[in-house]
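Structure provided below as structure tokens; questions to follow.
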Amino acid sequence: MPYVDRQNRICGFLDIEENENSGKFLRRYFILDTREDNLVWYMDNPQNLPSGSPPVGAIKLTYISKVSDATKLRPKAEFCFVMNAGMRKYFLQANDQQDLVEWVNVLNKATKITVPKQTDSQSHTDNSTRHTENVGLKKQMSYRTEIVGGVPIITPTQKEEVNECGEGDKNYLKRSQSHLPYFSAKHPPDNAVIKAGYCVKQGAVMKNWKRRYFQLDENTIGYFKSELDKEPLRIIPLKEVHKVQECKQR
């Protein structure tokens, strides 16, 4: 059974399929450390190993997207569960059913995405901004939604008509079209990355929250499904970013 050690880490023995699709499970000692944001495993309890012994394997918690029961996927492996981490699935065996349930729960809790709630004032401000920006549009833009590779792709099917005097409206039209969600483009290869890491973003279509890998350079900010992907899901030019602010949790 997983237990909490003196350093407030969750520890215990599990069997893991270290070589993918090998079907061979090896006994390892696991340490789930939420402060260090990682899950590591050793040949044995580090207290029984020579000082400074390195772990056999490690996974960053931000890479783990889901942990679930895998007894149907691996019927020959008793009390089996699976961790989805990036492009790899890690299959593990618990000692019994209760052990399986506890490990699945603690791992999902450790990798859970916490989304800040929007305050009423922020919601009112956003709605007012949308209403103001839409003034001057005679006809509403219509869109066609397609699912490509499991990702919603939105494309405009009708052009907007704008007032003749609306130079600002024309700017808004350009801005709105450039902000279509999930627009994919190649990331400029020669721009030095200023900052990179995982963030949680809200989808424009489904409004659900997903963890994405972001990269910021001098001219753009782009996001990928994971840091292993070479092509971004979308790139936003920094010249089109008008305001950035913290969304505080209530």
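Values in this text are rule-based calculations from the coordinates and carry no lab data. Every value quoted in this text rests on a predicted model; they were computed, and no experiment measured them. Cβ placement follows ideal geometry from the backbone for every residue including glycine, while neighbour counts extend to all protein chains displayed.
In whole Hz, with x marking every Gly and Pro, tabulate ³J(HN,Hα) for segment 58-70 from phi via Karplus 6.51 cos²θ - 1.76 cosθ + 1.60, θ = phi - 60°.
Taking θ as phi minus 60°, the curve returns 7, 9, 6, 4, 5, 7, 7, 9, 6, 10, 8, 4, 10 Hz for segment 58-70.
Subtracting the Cα-Cα distance from 0.36 nm times the residue separation, let me have the gained length for Asp37 to Val244 in nm, one decimal. Write down the numbers at each step before the final one.
On the way: separation 207, 0.36 × 207 = 74.52 nm, distance 2.66 nm.
Between Asp37 and Val244, full extension yields 71.9 nm more.
Would you list Val244, Val4, Val205, Val104 from fewest to most Cβ contacts within 10 Å?
Val244, Val4, Val205, Val104
Something else now. How many nm separate the modelled label positions at Asn208 and Asn48, each set 7 Å beyond the Cα in the direction of the Cβ?
4.2 nm
Which distance in nm do the two modelled labels at Lys89 and Asn21 give, with both placed 7 Å along the Cα-to-Cβ direction?
According to this spin-label approximation, the distance is 1.1 nm.
How do Arg234, Arg27 rank when sorted from fewest to most other Cβ atoms within 10 Å of their own Cβ? Could you put the intermediate results ahead of the total?
On the way: Arg234 19, Arg27 12.
Ordered from fewest to most neighbouring Cβ atoms within 10 Å, Arg234, Arg27 come out as Arg27, Arg234.
For a footprinting-style exposure proxy, rank Trp41, Trp103, Trp209 by other Cβ within 10 Å, fewest first.
Lowest count first: Trp209, Trp41, Trp103.
Need one number: nm distance between label points at Val193 and Asn8, each 7 Å from Cα along Cα→Cβ, rounded to one decimal.
3.0 nm
Grab the beta carbon distance between Lys60 and Asp229, set R0 = 22 Å, and tell me the FRET efficiency rounded to 0.05.
The value I calculate is 0.85.
Could you derive backbone 3J(HN,Hα) for segment 75-90 from the dihedral phi with the Karplus parameters 6.51, -1.76 and 1.60 (θ = phi - 60°), listing whole Hz in sequence and x where the residue is Gly or Pro?
Karplus values, whole Hz, x for Gly and Pro: x, 7, 9, 6, 6, 9, 9, 10, 10, 8, 10, x, 8, 10, 10, 9.
Among the listed pairs Lys24/Lys112; Lys24/Lys210; Lys66/Lys230; Lys76/Lys109; Lys60/Lys201, give every one whose C-alpha distance is greater than 24 Å.
Beyond 24 Å between Cα atoms: Lys24/Lys112; Lys24/Lys210; Lys76/Lys109.
Bin width 10 Å, alpha-carbon pairs only: give the P(r) of segment 3-110 as whole percents, running from 0 to the bin holding the largest distance.
The distribution over segment 3-110 is 14, 51, 30, 4, given as percents.
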